[in-house]
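Student: There's a structure below that I have some questions on.
The values are calculated or read from the model by the stated rules, or taken from the named source; none is laboratory data. Source: prediction; values computed, not measured. Positions of Cβ are backbone-derived with ideal geometry, glycine not excepted, and every protein chain shown enters the neighbour counts.
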């Protein structure tokens, strides 16, 4: 490098001083946790602790600590808010509208997961954290409704191409339960025959040669996801 080129270089400290506003931007993470219960797709929400959003629900999120890695933060948030520490989180994208946070410029990265509600009991319920039916969620604090909808869109796109939705079901399930799940995700009624035909073409299911017990309808056959298929790639 020439002397002239070296003279044009600046230190990191000088860069910070001349661009102070650029280095005063907050970074946060938000977790969109989906579950399935009583034929409804659910999302885990918590009461906002900001006065500006009094009585509004929000996603599980927080600012990233100064010395915290981005991908470590959502796991820390989920552990602190719910006590859950065995959930796989997938990064979806970032949201950075200038006025999305009332305290100042904050850019957030969204992560989401699909979990079986019965296998993941909440250990902490501060700020009234609990499950809400996705279809009933009309407004959230910040831009969290937009973030939730983006994650739902991702789920809808991948639901018929990858076996990710089986995270929401028990190990053994009927085709009726599976169709109920897809209907709750897609928000539409599916034709029974067409749905079963499409699912059979996927070759995802293993027939257990067992029948449902203690159900208010005609018992259906039970299935499970074939061994070796990945469900954590969202």
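Student: Among the residues in region 77-87, are any over 22 Å from residue 132 (Cα atoms), touching a helix residue (DSSP H, G or I) at 6+ places or on another chain (Cβ under 6 Å) and modelled with pLDDT under 95?
Tutor: no
One line per residue, one yes/no per condition, for (1) in contact with a strand residue (DSSP E or B) (Cβ under 7 Å, 6 or more places away or on another chain); (2) in a strand (DSSP E or B); (3) farther than 17 Å from residue 114 by Cβ:
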| residue | (1), (2), (3) |
| --- | --- |
| 28 | yes, yes, yes |
| 35 | yes, yes, no |
| 42 | yes, yes, no |
| 46 | yes, yes, yes |
| 61 | yes, yes, yes |
| 66 | no, no, yes |
| 78 | yes, no, no |
| 84 | no, no, no |
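Student: Can residue 165 be described as crowded, with 17+ Cβ neighbours inside 10 Å and within 17 Å of the chain's Cα centre (by Cα)? Talk me through it step by step, then tell me what you get.
Tutor: Details: crowded, with 17+ Cβ neighbours inside 10 Å: yes; within 17 Å of the chain's Cα centre (by Cα): yes.
Taking the combined requirement at face value, the residue satisfies it.
Student: Still on this model: For residue 118, which of the numbered conditions (1) assigned to a helix (DSSP H, G or I); (2) touching a helix residue (DSSP H, G or I) at 6+ places or on another chain (Cβ under 9 Å); (3) surrounded by fewer than 17 Cβ atoms within 10 Å (Cβ to Cβ) fails to hold?
Tutor: All conditions pass for residue 118, except number (2).
Student: A further question on this structure: Is at least one residue of region 175-191 more than 17 Å from residue 159 (Cα to Cα) and either at pLDDT 95 or above or surrounded by 10 or more Cβ atoms within 10 Å (Cβ to Cβ) (or both)?
Tutor: Going through region 175-191, the residues more than 17 Å from residue 159 (Cα to Cα) turn out to be none.
So far as region 175-191 goes, no, none of its residues is more than 17 Å from residue 159 (Cα to Cα) and either at pLDDT 95 or above or surrounded by 10 or more Cβ atoms within 10 Å (Cβ to Cβ) (or both).
Student: Also, I was wondering about something else. Do we have any residue at all in region 29-49 that's in the same structural domain as residue 118 (by TED's automatic domain parsing), surrounded by fewer than 14 Cβ atoms within 10 Å (Cβ to Cβ), out of contact with any helix residue (DSSP H, G or I) (no Cβ under 9 Å at 6 or more places or on another chain) and touching a residue at least 40 places away in the same chain (Cβ under 8 Å)?
Tutor: Looking for residues that are in the same structural domain as residue 118 (by TED's automatic domain parsing), surrounded by fewer than 14 Cβ atoms within 10 Å (Cβ to Cβ), out of contact with any helix residue (DSSP H, G or I) (no Cβ under 9 Å at 6 or more places or on another chain) and touching a residue at least 40 places away in the same chain (Cβ under 8 Å), one finds none in region 29-49, hence no.
Student: Mind counting the residues in region 50-71 that are surrounded by 19 or more Cβ atoms within 10 Å (Cβ to Cβ) and either modelled with pLDDT under 95 or over 17 Å from the mean Cα position of the chain (by Cα) (or both)?
Tutor: Number satisfying all stated conditions: 1.
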